[in-house]
Amino acid sequence: MDILGQILKQVLEGAAQQQQQPAPQRGPQAGPQAGPQGMPSADDLSEIFGQIFGGGEAQKLPDVVKQFEDKGLRDQVDSWVRTGPNKPVDRRQIEDVFGQRELEDIARKRNIDREQLAEVLSRYIPKIIDELTPSGQMQRR
């Protein structure tokens, strides 16, 4: 199995375990948890991350890192590459880095919601980049 596939499997298994745990209610207005309608499936995510990172060997990792840096997110991406805690990135920052039109195209092709896609990417891209850089630096090819 390729390196990106191995990392995705670990990340998605961790996410599935978190989703199985009951979420705490947040007050009287909190209703039932929203279903996965419009959310990307594990297969969708595998394809999307393969597209973003350039396939199984993550050939586009330096390009992805540069995209974040070019949008003023050097602190966040540095925290993902280096060892230690990962700084968060939010949905709007993901939309800025990849472009709303690009995310809309990806989402439309897979019949998923663009905003939910951006939210999922914001959650997993830091973890994936962190896993792709276990030594705290990017591998030079």
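Just so it is clear, none of the values below were taken in a lab; they were calculated from the coordinates. Not measured: the values here are computed from a predicted model. Positions of Cβ are backbone-derived with ideal geometry, glycine not excepted, and every protein chain shown enters the neighbour counts.
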Problem set entry | segment 56-135: relative contact order in percent, alpha carbon pairs under 8 Å with at least 6 residues between | 36 percent
Exercise. Which whole-Hz couplings ³J(HN,Hα) result when phi for each residue of segment 88-101 is put into the Karplus expression 6.51 cos²θ - 1.76 cosθ + 1.60, θ = phi - 60°, listed in order with x for Gly and Pro?
Worked result: x, 9, 9, 4, 5, 5, 4, 4, 5, 5, 9, x, 4, 5
For this session: Please give every one of the lysines within straight-line cross-link reach of LYS109, meaning a C-alpha to C-alpha distance under 23 Å, and leave out same-chain neighbours fewer than 8 residues apart.
Result: LYS9, LYS60
Problem set entry | Inter-label distance, nm, simple model (7 Å from Cα along the C-beta direction), ALA42/THR83 | 3.1 nm
Seminar exercise, completed: Here segment 72-86 yields Karplus 3J(HN,Hα) values (6.51, -1.76, 1.60; θ = phi - 60°; whole Hz; Gly and Pro given as x) of x, 10, 4, 4, 5, 5, 4, 5, 6, 6, 6, 6, x, x, 8
Problem set entry | Using θ = phi - 60° and Karplus 6.51 cos²θ - 1.76 cosθ + 1.60, couplings along segment 120-135 (whole Hz; Gly, Pro as x) | 5, 4, 5, 7, 9, 4, x, 5, 5, 5, 4, 5, 6, 10, x, 8
For this session: Would you please give the residues with an amide H less than 5 Å from that of GLY54, counting only those at least 5 places away or on a separate chain, with H modeled from the backbone geometry?
Result: LYS60
Exercise. Near the amide H of LYS87, under 5 Å away, which other amide H atoms are found, from residues 5 or more places off or on another chain, if H is placed in the peptide plane?
Worked result: SER79, TRP80
Exercise. Dimensions of segment 79-141 along principal axes (Cα, Å, largest first)?
Worked result: 37, 25, 17
